[in-house]
Number of protein chains: 2
Amino acid sequence: MSADALERAEQTFVRRWGEMGATWGISRTMAEVHALLFITGDPLCTDDIMQMLQISRGNASMNLRQLVNWGLIRRTHLRGDRKEYFISDLDTWQMFETITRERRRREVGPIIDTLKQCRSDLAGDTPKLEKERQQKAVDCDKKLQDMLDFINTLDVMLDAVLSSGSEQIGMLSAAISNTVKR
Amino acid sequence: MSADALERAEQTFVRRWGEMGATWGISRTMAEVHALLFITGDPLCTDDIMQMLQISRGNASMNLRQLVNWGLIRRTHLRGDRKEYFISDLDTWQMFETITRERRRREVGPIIDTLKQCRSDLAGDTPKLEKERQQKAVDCDKKLQDMLDFINTLDVMLDAVLSSGSEQIGMLSAAISNTVKR
DNA sequence: TAGTCTTTTCAGTTATTATTGAAAGGAATG
DNA sequence: CATTCCTTTCAATAATAACTGAAAAGACTA
């Protein structure tokens with residue numbers, strides 16, 4: 001039995017979203033589960049997902065948990081049914097915000113810490129180096145500083161964009177274009 | 001023999017940058033090679049890189065080629081030496097721009113194509129569905145449209161930011177903050 | 001509390017991706 | 001044009017990441 005147009009469209013979307021996720025360091029299956037819940041819109045239970053994506057119960061359980069932890073989907077229940085159902089946030093902007101905040105939280109702090117760590121180690125020990133190496137240490141320090149400044153700028157911009165919310169996104173977009181054109 | 005402060009700082013930076021890359025869908029080694037060339041600043045040959053990262057010649061060759069293709073490093077030569085040397089772009093903003101442009105080029109087009117494809121398939125076949133499914137098809141189409149709009153907005157913003165160049169980045173940052181505060 | 005239904009966990013397996021090393025291919029040198 | 005030095009390629013291998021399935025744990029019911 002062949003799929004109808006709706007099923008085909010959904011499947012195509014799910015597959016592509018999975019591939020996208022994979023190139024961005026998110027497991028293909030996790031992205032597919034999310035895509036499926038998003039495009040379906042309805043609450044789905046673990047068995048639905050296992051069946052539609054042809055994956056095992058354990059796999060489904062793991063990936064659903066991760067998505068809940070990320071805040072991209074939430075658990076829900078259908079009355080008269082003991083099973084757990086899952087439902088995705090359907091607001092595109094909100095999804096973007098959730099993903100971005102999460103990655104920022106996990107990644108920006110640690111990298112800044114490392115950069116600062118490198119700098120302070122260098123600062124303490126540079127005087128102990130021979131002259132030629134001292135110059136290199138200074139160059140290295142400058143690069144670390146550049147990188148820190150850059151990450152900071154990006155972080156501030158991101159913060160502003162994220163806290164603006166979807167209503168202001170058009171305005172923001174316009175403001176950026178204006179600034180750039182000048 | 002133990003490493004001095006400069007070596008330690010460089011190694012820490014390289015390792016962390018590699019980990020970062022890995023979580024962003026870039027192979028750890030490729031990120032490490034790039035980090036090494038960046039933090040060193042000097043031209044390095046394949047053997048330097050093999051030795052410093054403890055990797056094989058083939059591996060070094062492959063990853064260097066990729067980095068050249070991405071435009072993050074370039075080949076260079078030292079007079080009196082037959083070997084090829086590699087040197088990294090040292091401008092943080094420029095590096096960001098290169099990476100972002102490259103990923104955008106590779107990824108944004110294809111995903112937009114898929115979304116459009118899904119929509120037009122749906123549009124053609126929706127009338128053939130039974131009534132209840134037609135409603136679902138309309139809902140699905142709306143989500144695809146939302147996603148397209150969102151990607152488009154993001155793309156426009158990104159384009160503006162990228163074409164602004166590093167000199168304007170402070171101004172841009174300020175403009176964003178202003179817009180958001182209002 | 002025992003019985004039933006559901007979810008989670010995780011050791012073992014499979015699939016994917018990255019790496020090696022040696023052979024082949026190029027390029028400069030004399 | 002033969003030699004040397006260097007780079008690339010790629011089949012084989014190793015390392016990593018993802019997935020399975022069955023057992024254990026948890027939760028609701030009567």
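The values are calculated or read from the model by the stated rules, or taken from the named source; none is laboratory data. Just so it is clear, the structure is predicted and the values come from calculations on it, not from any experiment. Neighbour counts are summed over all protein chains in view; Cβ atoms, including those assigned to glycine, are modelled from backbone coordinates with ideal geometry. These accessible areas exclude ligands, DNA and RNA; they are computed on the full protein's heavy atoms, side chains included. Shrake-Rupley method; radii C 1.70, N 1.55, O 1.52, S 1.80 Å.
Residues in segment B:24-36 that are out of contact with any Phe, Trp or Tyr (no Cβ under 6 Å at 6 or more places or on another chain) and closer than 22 Å to residue A:135 by Cβ: how many?
Initially, segment B:24-36 is screened for residues out of contact with any Phe, Trp or Tyr (no Cβ under 6 Å at 6 or more places or on another chain), giving B:24, B:26-30, B:32-34, B:36.
With the extra rule that they be closer than 22 Å to residue A:135 by Cβ, the set shrinks to B:36.
Of the residues in that region, 1 qualify.
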Using the structure shown, decide if residue B:176 is under 24 Å from residue A:172 (Cα atoms), within 7 Å of chain A (Cβ to nearest Cβ) and touching a residue at least 60 places away in the same chain (Cβ under 8 Å).
no
Could you say which residue among A:98, A:12 is away from DNA strand D (no atom under 16 Å from the Cβ), closer than 22 Å to residue B:142 by Cβ and assigned by TED's automatic domain parsing to the domain that holds residue A:169?
A:98
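Would you list the helices (runs of 4 or more DSSP H) that sit entirely within segment A:45-162 and hold 1 or more residues that are surrounded by fewer than 16 Cβ atoms within 10 Å (Cβ to Cβ) and facing another protein chain (nearest Cβ under 9 Å)?
Numbers: elements: A:46-53, A:57-70, A:92-125.
The qualifying helices (runs of 4 or more DSSP H) are A:92-125.
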If I go through segment B:23-44 residue by residue, how many of them are at pLDDT 95 or above and either touching a Pro at 6+ places or on another chain (Cβ under 8 Å) or assigned to a helix (DSSP H, G or I) (or both)?
13
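Quick check on my filter: what residues within segment B:69-96 are among the charged types (D, E, K, R) and within 16 Å of DNA strand C (Cβ to nearest atom)? Spell out how you get there, then give the answer.
Of segment B:69-96, the ones among the charged types (D, E, K, R) are B:74-75, B:79, B:81-84, B:89, B:91.
Residues satisfying the conditions are B:75, B:79, B:81, B:82, B:83, B:84.
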If you check every pair at least six apart or on different chains, which have Cβ atoms under 8 Å apart with a residue in segment B:43-65 that is closer than 17 Å to residue B:13 by Cβ first and a residue that is assigned to a loop (DSSP other than H, G, I, E, B) and within 8 Å of DNA strand C (Cβ to nearest atom) second?
B:49/B:55
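Kindly establish whether residue A:41 is within 9 Å of DNA strand D (Cβ to nearest atom) and on the phi > 0 side of the Ramachandran plot.
Details: within 9 Å of DNA strand D (Cβ to nearest atom): no; on the phi > 0 side of the Ramachandran plot: yes.
Here the answer is no, as residue A:41 does not meet what is asked.
Just to be sure I understand, how many residues within segment A:125-182 are small (Gly, Ala, Ser), closer than 15 Å to residue B:161 by Cβ and within 20 Å of the chain's Cα centre (by Cα)? Steps first, please.
First, pick out the residues of segment A:125-182 that are small (Gly, Ala, Ser): A:137, A:160, A:163-166, A:170, A:173-175, A:177.
Those still in the list that are closer than 15 Å to residue B:161 by Cβ too: A:160, A:164, A:173-175, A:177.
Still in the running and within 20 Å of the chain's Cα centre (by Cα): A:160, A:164.
Looking only at that region, the number is 2.
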Of the residues in segment B:15-29 that are more than 10 Å from chain A (Cβ to nearest Cβ) and open to solvent by 10 Å² or more (accessible area, probe 1.4 Å), the one that is farthest from residue B:49 (Cα to Cα) is B:27
